[in-house]
Amino acid sequence: MTALSQNPAPAAPSQTPAPGVRHARNRVIGAPSDEGSPHPPARSSTISLPPLQLGPLTIDVPVVLAPMAGITNTAFRRLCREYGGGLYVSEMVTARALVERNPESMRIIHHDPDETPRSVQVYSVDPVTTRDAVRMLVEEDHADHIDLNFGCPVPKVTKNGGGSALPWKIDLFASIVAATVREASKKNIPVTVKMRRGIDEDHLTYLEAGRRAVDLGVAAVALHGRTMQQHYSGQANWDSIARLRESLPAEVPVLGNGDIWSAEHAIAMVEHTGVNGVVIGRGCQGRPWLFGDLQNAFTGSTERYRPSLGDVADSFYRHAELLVDTFGGDEAKALRDIRKHVAWYFKGYPVGGELRASLAQVMDLAMLEDLLSQLDRETPYPGADVEGPRGRAGSPKRPHLPQGWLDSQELNERQRELIKAAELDVSGG
Ligand SMILES: Cc1cc2nc3c(=O)[nH]c(=O)nc-3n(C[C@H](O)[C@H](O)[C@H](O)COP(=O)(O)O)c2cc1C
């Protein structure tokens, strides 16, 4: 099956309503007003940005696939890479599991032989474990780029002081970054940090954490424009991303993350914030061709992918096939994994409830092929319906933090003990 279809006609400007309008309507009543100004619409349909320079790495198209646990495995990265250039980050791996050579962690850091650069995201709460994990990545030649995760908002992580809770303890944050940069620099491997704005509006950490990370030698700083409290609700605050860009030295790239659902949104983010590149998470779930649109937008082309239902089905099938490889030939496991992608791929396309339900229970490739053959392949691209928010959303969540966490930016002894637990049983942010 073939996966690609490109509409050679110049893309009409997106029919998506101005993002600000949509978000304003969806705004959570009574939520803290921390979303910044409404996202502006793009002023143009292409934009020119220099390649992204991360230490010795030159990323021609300044676009990054956001690390997403359970999503950005070798299969999905390959699918996305086939459409466009950029930096494709792995699912996160915890430093501790890596040091213990947990088989799942070893799978996560595996890259296809043709994947370059090999980018790995590490989650850690402890400088010593971080050092050991990064040393292993570097000495055993597993990575060309290392990203550090300081954005995870999941309560079971933050209640132990990990993820987006951690930059508040700024010295701990700095020692994890320092340990990573020190080990990675032995082989000239660039390190980046990815973080949120802070814990809540009263405890914003991104400006200080960004500055400290730059002082310690990171190659770039990525900011998801939400706080831990915002979780995935409302809209990302692009004004904060602009503020971070202004506050850091111009030679250190700042990457903007949050609510890019189409190439036009990426252009709007760059125009609004002045960032040097964009990081795309949920917008490419079920839409790997978004990286083709982004490459076009960043290289002066107005062409956009407008896949028919048949094209979508082909990509979906190919994704499933690639997952079989990712999971070492375990077809049942791969097909279980593809089920979570069904709603994303077929969002906005007229696919009946019964067929959707069957797809969400698919057992093997033969059954998948049979189910997909029931689709009307000629059904055209639905337009704006597929270019809006998808994936995780929800409402703001009360931050779950260790007791007394916000009393001081320094760790006390009890918190030092507690934080070790933050690394156990962690997945995704
Ligand atoms: C399913 C899922 C898994 C995620 N896993 C991670 C992760 O492992 N590491 C990380 O730094 N961020 C993770 N994120 C956050 C994304 O990288 C990104 O910052 C966030 O989705 C905002 O970007 P978006 O609006 O483009 O989706 C995850 C997000 C989702 C939806």
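Screening residue 283 with (1) in a helix (DSSP H, G or I); (2) more than 16 Å from residue 84 (Cα to Cα); (3) within 13 Å of the ligand (Cβ to nearest atom) gives one miss only, at (2).
Of all the residues in segment 286-329, those that are more than 29 Å from residue 232 (Cβ to Cβ) and part of a loop (DSSP other than H, G, I, E, B) number 8. Segment 125-220 holds helices (runs of 4 or more DSSP H) entirely within its bounds, and those carrying 3 or more residues that are more than 14 Å from the ligand (Cβ to nearest atom) and either among the acidic types (Asp, Glu) or touching a Ser or Thr at 6+ places or on another chain (Cβ under 6 Å) (or both) map to 127-139, 170-184, 206-215.
When residue 64 is tested against (1) more than 27 Å from residue 275 (Cβ to Cβ); (2) within 13 Å of the ligand (Cβ to nearest atom); (3) β-branched (Val, Ile, Thr), only condition (1) is not met. With respect to (1) assigned to a loop (DSSP other than H, G, I, E, B); (2) touching a strand residue (DSSP E or B) at 6+ places or on another chain (Cβ under 6 Å); (3) away from the ligand (no atom under 13 Å from the Cβ), the lone exception for residue 260 is condition (3). Applying the criterion of being more than 17 Å from residue 176 (Cβ to Cβ) and assigned to a strand (DSSP E or B) to the residues of segment 221-248, the residue that is farthest from the ligand (Cβ to nearest atom) is 227.
Contact map, segment 82-96: residues that are at pLDDT 95 or above paired with residues that are among the charged types (D, E, K, R) and more than 15 Å from the ligand (Cβ to nearest atom), Cβ distance under 7 Å, separation 6+ or inter-chain. Pairs shown: 85/60; 88/81.
Residues in segment 186-216 that are out of contact with any strand residue (DSSP E or B) (no Cβ under 8 Å at 6 or more places or on another chain) and polar (S, T, N, Q): 188 alone. Checking each residue in segment 98-124 for being in contact (Cβ under 8 Å) with a residue 40 or more places away in the chain, buried (at least 20 other Cβ atoms within 10 Å of the Cβ) and not in a strand (DSSP E or B) picks out only 124.
Against the test of being in contact with a Pro (Cβ under 8 Å, 6 or more places away or on another chain), assigned to a helix (DSSP H, G or I) and surrounded by fewer than 18 Cβ atoms within 10 Å (Cβ to Cβ), the options 357, 384, 343, 332 yield a single qualifying residue, 384.
The values are calculated or read from the model by the stated rules, or taken from the named source; none is laboratory data. Since this is a predicted model, take the numbers as computed values, not measurements. Heads up, the Cβs are rebuilt from the backbone with ideal geometry, glycines too, and the neighbour counts pull from every protein chain shown.
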